[in-house]
Amino acid sequence: MKSIYMKVIIAGVILATIGLGCTKLLDERVYSKISSESVLSTEAGISSVLTSAYNKSELNGSEYWFYFFSAMTSGEARNVGGSVSAELTPLTDFTWDSNLDWFEDAWKTLYAGIRDANVVLDHIDNKNFSDAFKQEMTGEAKFVRGICYVYLYKWFGPTPLYLTSSTDSIYLARPTEARMVSQIEQDLTDAANDLPVDQATYGRATKGAALGLLCKFYLNQKQWQKCADIASQVIGLNKYGLVPSYHDLFDPGNEKNEEMIWVMPCSPKDHSNQINALTFPVDFPLPYANDAVFAACSYFSDDFVHSFEPGDTRKDLIVTSYTNTSGTFIQLLGNDQSMPLKYEWDPNASGQDAGNDIPVVRYADVLLSRAEALNELNGPTEESIDLINQVRTRAGVSPLSLGAFTKATLRDHIFQERNWEFYYEMMRREDQIRQGTFISGARARGKNAQEFQQLFPIPQPEIDVDPNLKQNEGY
Amino acid sequence: MLNGLPALIVRAMRITVFLTLTCVVNLYATAYSQDAQLTLNLKDVKLSEVFSIIKQETDYQFLYNDEEIQKAPAINLSVKDATVPEILEACFRHYALKYKIVNKTVVVSRGKPKHDLMLRSAALMDPQFAVRGRVTGSSGEPLPGVSINLRGSETGTITDAQGRYSILLPDGEGILVFSYIGFEKKSVPIQGHQQIDVTLVSSVSSLNQLVVVGYGTQKKDDLTGAISALSTKDFNAGVNVSLDQLMQGKAAGVQVSQTSGEPGGGVSVRIRGSSSINAGNEPLYVVDGLPIDNSSLLPGGGGAGLASDNNPKNPLNSINPNDIASIEILKDASATAIYGSRGANGVVLITTKKGHSGKIQVNYDSYAGTQTVAKKIPILSTSEYIDVVNSISEAGGNGVVFSPEDIASIGKGTNWQDEIYQKALVTNHDLSLAGGNDRTTFRASLNYFDQAGVVKKTGITKYIGRLNLTTHVGKRIEVGINVNRSLIKENNESDGVNVNEQAGPINAALLYDPTEPVYNADGSFSRSSNLTINNPLSLVYGITNNDLINRTLGSLYIQYDLDKHLSAKLNFGYDDQSQRRNIYNSSLTINGSAKAGIANVAQLDQSNQLVEYTMHYSNHFGRYHDINVLGGITYQDFLISQFAGSISGFPSDVLGVNNLGLGNASYATVTSDKEGNSLLSYIGRVNYSYHDKYLLTGTLRADGSSRFGTNNKFGYFPSFALGWKLDKEKFIPDLFDQLKLRASWGVTGNQDIGNYKALSTFSTGGNAIFNDKPVSSLTPSGIANPNLQWESTRQIDLGIDASILGGRLSATFDVFDKKTKEMLINNPLPTGTGYSAILSNTGQMRNSGFEAQLSAVNVDTKRFTWSTSVNLSAIRNKVLDLGPNGDIITGSVQFVDNTAIYRVGEPMASYYGYIVTGIFQTAEEVAASAQSTAQPGYPIFKDVNGDGKITSADRVVLGNPYPKFIFGLQNSLTYQGFELNFFIQGEQGADLLNINRLEGMYPANFRRNRIAEQALNRWTPTNTKTRWPSGIDPSAYGGGKVNSLVIDDASYIRLNTAQLAYNIPVKFAQSLRVYVTGQNLFTITHYIGSNPDASSFGTNNVRLDYNGYPLARTWLLGVNVGF
């Protein structure tokens, strides 16, 4: 009997020895992910995290949200058909609620960009990094964080200010209006101070981009003096100007032009511009074999097309009729079905994916912003009329004269001018809010719109998860 | 030292007393002592002396209790040329003792008292009648160790290695009963015959059947766990392209769903419900002792402008169903706890066929057949379509679409489903060789299987080879090797859950305008100017999507018997798979032409290695104690790596993916990934039996996994079980052949949580565009959770096994309760942190249910037999806890989001959406409703919270995908050489979200075709008593809202298989069998899709049907010949 036990014991010892020798085998073997230390201790790693922040500030390259959030709610365009219409109808009809996925998508993506920017800012103080690198990264990270908060504020109002990548305190409440505004001001001002006027790399933030964004932020804040001052600074950089032809502004062959202060850069390969694909119908004769469209169509109303002054070249970018692929002539104007072809067909498109950059701030906008601010501050002046006329002249319409306007009529004209100048550039919603016509306009279109709908609701999942986060009034 | 052990034990357990009064021994020793024949003539001899003599002259050993043997009265014994079993049979018929022979060890135990303890030496000494014969299996192989008894007496013997026996009987009357583990008992009247040869048929119901359990085998009668054991005759007949389909409907508590009808398509297996939200729910598969990685390889579709989420293929395709000898399904914790952190979803043990010693058996099986689509989806015909489109357009104030001239020129139009479907052929050839001698046995097989799919250009071709070899080196060492090698070629169907131009042929065929012709006048594929969907046939011919999968699966073991009680086994396993997927989307399609051809090549390599050392001890102590102990250590290491490249912009489609360099390099993308994980485990199990009545099993597995957080590297999974063989108790009437109660408790785990979830790392983020070029980035992958661990499932099972009438009627009932704790939940974080969730062990879920399995031999005559087996199970799933944040809403298919909800108190992944209470009939009804902008003919959504608006707050649970019960019914009839089998299975009470119906409710484009019922029976001012809305401006009435109209009842009853076979008696072969099999012959269901069993996301918890590949109705003609 005893020798059995001996054997069992010996076998047991063998087992245990094998096992003890094996404990290292339970370490995680990581092959295609990088440890935090190795990323955050090198300039290349930090820079790479910042690249991710840029990506998210551009909503992962999904510009539709900007387009839909503005174009559908402002009545600028009407979308028909396509699978997307199920999600667009609530925006068009003012029946959205806090569960609309795009709200959560936008929120989540922008905050991920803020997180990445915070990671950069939290780890930039490293003795191995050069001072130039530190300044550049700090400036760009603050720019990205600033622009993300600008979008959040624009859609949702004041949102929690996450200013560090630490996850120690995560259930934040919403800041006051003033705190939110000052944070955005701070980030963009800091960024403008740190950033160079010219960047070797197109797509990286510049001083002008930070100032241009700040200018627009002040405009929407109705901080007229600051808006006018910052606009002056942008103009004073002597870097920007108007492209002579309105058509060429949006031509993919004429990108990086002097008018674009900040854009969402697009490429057919990634971050593609699908606006045309979501606008034109299946039977539209596409100029290039490599173009394609979706089932969805977007239409402008006849009223808007007819509103242009005679000779306005900006109107030429709106398609009012066409002969379809079966040879049938289709009249669009007269049926509320005109279609904007602002973004010229990209010869290098890859199917529905085109490479036309989408402007965020352009020089014409800075000019009109300063004009609007000056009008609000001083009433019509030679300077504000002159600013507007720069934009009008380029469009081929006759210049305005000072005597024709009161403060109120010039204000109205500026908004009208902006509609002509910036249609399909995701600007109509914020302009209408500033003008005070966002809700009344929707009601005039027969929508059951309510004042509180000037802000979108905080996405429901966020409300559910953060007990300190209060929903916007009315939702 | 090792060799001395057996002798030592035997010596220790007996008292050596020789009291030889007279002793004449004649020994005819042969090469194998098993065949030794002795002539004995003993008078007044003690039993212990008989044992000594036998032991001296043969290599039999004895185990007994001295006291018992000493009490036994002396006997007279006279036999001539008798084998040891014959001698023992003669001795023991006079004692209140039982014995059994296990590996030439005779174990003596106390039996039931005999009515006559007196010597009947006259009968003993004068057997009058000798019967000899041979016992073989159904394919002619000799069966050694078959026990043969004269019914109603204690006379008996067993067969030798050649299956031969001889038995001495009082006379030529009575009935001989042949019984053998794993085979059906057979009774043969002697009727004066001296030569009786018998063929036994393998069986499952035998109580002595050995059942494969984790890391060993056990007698079925000794099981304490809930295990469904299936052998070849239980398997589903017909085209079973994977082994999990063999068991569909055959085992209680096991739900096997063919989620896609595509050849080689996915199968979902749920054993006793779904117990996890974020970890896997599929069982662990163990092939001949090797736990395999059964995760699907490359996900379906992906890239090249195709659907990204189509149903992944079945990873078990690489095993030939004809190679399977048995499938054991371990269900309760007593059975599965030995697999610890992988046991919570049940375990499927697959045992492949092995060779037998004796003549080489050659078996060839071949069948061929045709498949047709069992059910097409009823969509509008061309004329109905024209009528519906015109009427809706007119009702919407837009005039007719088709003028009478248009209608005349359209003619019959096109039936797109008919265009993409075909009658498809299937062929199978299977050749196996099995044989061996006493030392070495082998079985080798080759399988060729070719199945075209019912969707044109789809199909699967398989080449599978297997070799199983076992050899004995010396007396103590056994070496075994099992190797499976497979090559699979698949032509994939490109459908998935994508829409519009991304959709595949099935979706396109359902939606494409039936007034369009297939071809243009010039012979090219037509393309509708009204739709962004592809011409369905241009998808069939325009997209090449194929896979090549290689898999080598094998194990090698060395088993060493230290002595007859203690053995050690070293087992190495290896499983290596590689898959290459080529997709080319040519310029025949919308996407392909826009991008001038899109090529996508993906390569995946996945492997794992197993090293395992186990020791096994079994012994019998004292009078009543039987003990079996297992201990071991096992280590398994997994590695997976992937590479994918994509490029578009080809000058020509001719070369497809074969020259990626021809593409436009500026549209090229490459990705790669590599992950590894490992498991280190200690296992232990004790089986103890007292008096062969009371059974106790205790199991413990300590599992270490690299996936767990640093604070929780090891998990411990114990189980205990009790069994009570009531039939052995005096107070239970003799009626029962078996009556056993089982009770078990245990904890198992689920470590299928993905890799690196406990770490904080950086992974690839999105690209930013700098200087017009995408630039890659890094982004934090998540917040580390060092406490992350396995999910643990506590399971209680109570079971009863009963059998009466000599096994003709048997039943198993089980009730169980499974509670999963520490369930992995993605606990949402405020996404302001940049992270949306942290994986934490916070949830709880319950699965409880009832299972019944009944089998009966209804008729058993010489010419006609009829047997029936039926199983039924009812399982309830309920989410108990989801951590601090409550509801989790999930599930999306392109334009439809949030299809399912995890909510405390509801079954998991219940359908979530709006209730439609009716259709608005009048403007007054609209005005009084919560939908002020609606029109008559729009659906009325229920304003659940009564706030006067229809918002997402009005969504409720609409149903769930779990059947109330599932059942299977098998009937087998034989009449002389004919056999008829038919198998019916079904599910009752499951709901299924039918996305095709939802798409028909909200056509994204007016010119799309629709499901007929919804369109023809739509609301109009004159057709008001209907549940389907008007179809006018559908996006205005609710977009892609999941609603109660599209949650369908997916109950069904299906004649799964029917087979008629005839065994032709021939001279040239041992057996010749021809058969005709019909598969999926009819289905009774209200479900409107092609398959109520479908699930577009494969094994995912969120179940919905979208563009399901239809099931085929198959007819096969086959022949099976054995030499």
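The values are calculated or read from the model by the stated rules, or taken from the named source; none is laboratory data. As the structure is a prediction and not an experimental result, all values here were calculated from the model. Reconstructed Cβ throughout: ideal geometry from the backbone, glycine too, with neighbour counts over all protein chains shown. SASA here: full protein model, heavy atoms, side chains in, ligands and nucleic acids out. Shrake-Rupley method; radii C 1.70, N 1.55, O 1.52, S 1.80 Å.
Select from region B:182-192 the residues that are open to solvent by less than 100 Å² (accessible area, probe 1.4 Å) and not hydrophobic (A, V, I, L, M, F, W, C) and list them in ascending order.
First pass over region B:182-192, keeping only residues open to solvent by less than 100 Å² (accessible area, probe 1.4 Å): B:182-184, B:186-190, B:192.
Within region B:182-192, B:182, B:184, B:186, B:187, B:189, B:192 qualify.
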Practice problem: Mind listing just one residue for me: the one in region B:552-598 that is surrounded by 23 or more Cβ atoms within 10 Å (Cβ to Cβ) and away from chain A (no Cβ under 14 Å) and, of those, farthest from residue B:687 (Cα to Cα)? | Solution: B:583
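Tally the residues that are polar (S, T, N, Q) and part of a loop (DSSP other than H, G, I, E, B), restricting the search to region B:1071-1120.
Looking only at region B:1071-1120, we keep the residues that are polar (S, T, N, Q), and these are B:1071, B:1077, B:1079-1080, B:1083, B:1085, B:1090-1091, B:1095-1096, B:1099-1101, B:1107, B:1114, B:1120.
Restricting the remaining residues to those that are part of a loop (DSSP other than H, G, I, E, B) gives B:1090-1091, B:1095-1096, B:1099-1101, B:1107.
Result for region B:1071-1120: 8.
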Exercise. List the number of the failed condition for residue B:809; all other conditions in (1) open to solvent by 50 Å² or more (accessible area, probe 1.4 Å); (2) within 11 Å of chain A (Cβ to nearest Cβ); (3) not small (Gly, Ala, Ser) hold.
Key: (2)
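Out of A:225, A:186, I need the residue that is polar (S, T, N, Q), assigned by TED's automatic domain parsing to the domain that holds residue A:377 and open to solvent by 20 Å² or more (accessible area, probe 1.4 Å). Which one? Spell out the reasoning first.
Numbers: A:186 fails: assigned by TED's automatic domain parsing to the domain that holds residue A:377.
Matching residue, one of A:225, A:186: A:225.
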Exercise. Among the numbered conditions (1) at the interface with chain A (Cβ under 10 Å from one of its Cβ atoms); (2) at negative phi, tell me where residue B:651 comes up short.
Key: (1)
Quiz prompt | Criterion violated by residue B:707 - all others in (1) at the interface with another protein chain (Cβ under 9 Å from one of its Cβ atoms); (2) surrounded by 15 or more Cβ atoms within 10 Å (Cβ to Cβ); (3) in a strand (DSSP E or B) satisfied | solution = (3)
Self-check item: Test result for residue B:406, part of a loop (DSSP other than H, G, I, E, B) and either in contact with a Phe, Trp or Tyr (Cβ under 7 Å, 6 or more places away or on another chain) or surrounded by fewer than 21 Cβ atoms within 10 Å (Cβ to Cβ) (or both)
Solution: no
Exercise. Could you list all residues from region B:884-911 that are open to solvent by less than 20 Å² (accessible area, probe 1.4 Å) and more than 11 Å from every other protein chain (Cβ to nearest Cβ)?
Key: B:891, B:899, B:900, B:901, B:902, B:908, B:909, B:910, B:911
Quiz item: How about region A:377-393: which of its residues are part of a helix (DSSP H, G or I) and either in contact with an Asp or Glu (Cβ under 7 Å, 6 or more places away or on another chain) or open to solvent by less than 30 Å² (accessible area, probe 1.4 Å) (or both)?
Solution: A:384, A:385, A:387, A:388, A:389, A:391, A:392
Self-check item: Residues of region B:447-466 that turn out to be surrounded by fewer than 17 Cβ atoms within 10 Å (Cβ to Cβ) and among the aliphatic types (A, V, I, L, M), as a count
Solution: 0
Self-check item: Hits in region B:461-479 (condition: modelled with pLDDT under 95 and either small (Gly, Ala, Ser) or at positive phi (or both))
Solution: B:474
Self-check item: Among (1) of a type in the set (A, V, I, L, M, F, W, C); (2) touching a Phe, Trp or Tyr at 6+ places or on another chain (Cβ under 9 Å); (3) open to solvent by 10 Å² or more (accessible area, probe 1.4 Å); (4) within 13 Å of chain B (Cβ to nearest Cβ), the one test that residue A:304 misses
Solution: (4)
Quiz prompt | Top-ranked residue of region B:211-227 - restricted to ones that are out of contact with any helix residue (DSSP H, G or I) (no Cβ under 8 Å at 6 or more places or on another chain) and assigned to a strand (DSSP E or B), ranked as most open to solvent (accessible area, probe 1.4 Å) | solution = B:217
Quiz item: Mind checking whether some residue in region A:351-367 is in the same structural domain as residue A:250 (by TED's automatic domain parsing), touching a residue at least 60 places away in the same chain (Cβ under 8 Å) and more than 30 Å from residue B:774 (Cα to Cα)?
Solution: yes
Quiz item: Is there a residue being on the phi > 0 side of the Ramachandran plot and open to solvent by 20 Å² or more (accessible area, probe 1.4 Å) anywhere in region B:1037-1058?
Solution: no
Exercise. Working carefully through the options B:897, B:860, B:887, B:881, find the one that is of a type in the set (Asp, Glu) and closer than 30 Å to residue B:935 by Cβ.
Key: B:897
Quiz item: Could you list, in sequence order, the residues of region A:89-114 that are out of contact with any Ser or Thr (no Cβ under 6 Å at 6 or more places or on another chain) and of a type in the set (D, E, K, R)?
Solution: A:93, A:101, A:104, A:105
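Mind listing whichever residues of region A:154-174 are of a type outside the set (Ser, Thr, Tyr), within 20 Å of the chain's Cα centre (by Cα) and facing another protein chain (nearest Cβ under 7 Å)? Quick ask: steps written out before the conclusion?
Step one: filter region A:154-174 for residues of a type outside the set (Ser, Thr, Tyr), giving A:154-158, A:160-161, A:163, A:168, A:170, A:172-174.
From what is left, the residues that are within 20 Å of the chain's Cα centre (by Cα) are A:154-158, A:160-161.
Of everything in region A:154-174, just one residue is of a type outside the set (Ser, Thr, Tyr), within 20 Å of the chain's Cα centre (by Cα) and facing another protein chain (nearest Cβ under 7 Å), namely A:160.
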Quiz item: Which of the residues belonging to region A:409-432 are open to solvent by 50 Å² or more (accessible area, probe 1.4 Å) and either among the aliphatic types (A, V, I, L, M) or more than 25 Å from the chain's Cα centre (by Cα) (or both)?
Solution: A:409, A:411, A:412
Self-check item: Leading residue by the ranking (nearest to the other protein chains (Cβ to nearest Cβ)) among those in region B:753-771 that are in contact (Cβ under 8 Å) with a residue 40 or more places away in the chain and among the hydrophobic types (A, V, I, L, M, F, W, C)
Solution: B:758
Practice problem: Out of A:74, A:85, A:47, report the one residue that is at pLDDT 80 or above and either closer than 30 Å to residue B:714 by Cα or facing chain B (nearest Cβ under 10 Å) (or both). | Solution: A:47
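To keep it simple, each residue is scored yes or no on (1) modelled with pLDDT of 95 or more; (2) touching a Phe, Trp or Tyr at 6+ places or on another chain (Cβ under 7 Å).
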{"residue": "A:104", "(1), (2)": "no, no"}
{"residue": "A:117", "(1), (2)": "yes, no"}
{"residue": "A:120", "(1), (2)": "yes, no"}
{"residue": "A:137", "(1), (2)": "yes, no"}
{"residue": "A:149", "(1), (2)": "yes, no"}
{"residue": "A:171", "(1), (2)": "no, no"}
{"residue": "A:175", "(1), (2)": "yes, no"}
{"residue": "A:184", "(1), (2)": "yes, yes"}
{"residue": "A:199", "(1), (2)": "no, no"}
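Within region B:710-725, track down each residue that is outside any strand (DSSP E or B) and surrounded by 16 or more Cβ atoms within 10 Å (Cβ to Cβ).
Initial filter on region B:710-725 (outside any strand (DSSP E or B)): B:710-713.
Within region B:710-725, B:712, B:713 meet the criteria.
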Quiz prompt | Counted residues, region B:818-838 - those being open to solvent by 20 Å² or more (accessible area, probe 1.4 Å) and out of contact with any Asp or Glu (no Cβ under 8 Å at 6 or more places or on another chain) | solution = 6
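Hey, does region A:319-333 have a residue that's open to solvent by 10 Å² or more (accessible area, probe 1.4 Å) and under 30 Å from residue B:666 (Cβ atoms)? Before you say what the answer is, go through the steps one by one.
Residues of region A:319-333 that are open to solvent by 10 Å² or more (accessible area, probe 1.4 Å), as a first pass: A:319-331, A:333.
Restricting the remaining residues to those that are under 30 Å from residue B:666 (Cβ atoms) gives A:319, A:325.
For region A:319-333, residues open to solvent by 10 Å² or more (accessible area, probe 1.4 Å) and under 30 Å from residue B:666 (Cβ atoms): present.
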Exercise. Would you check if residue B:689 is free of Cβ contacts under 8 Å to residues at least 40 places away in the same chain and not acidic (Asp, Glu)?
Key: no
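Can you say whether residue B:683 is surrounded by 21 or more Cβ atoms within 10 Å (Cβ to Cβ) and not in a strand (DSSP E or B), as far as the supplied structure shows? It would help to see each step written out before you state the result.
Values: surrounded by 21 or more Cβ atoms within 10 Å (Cβ to Cβ): yes; not in a strand (DSSP E or B): no.
It is false that residue B:683 is surrounded by 21 or more Cβ atoms within 10 Å (Cβ to Cβ) and not in a strand (DSSP E or B).
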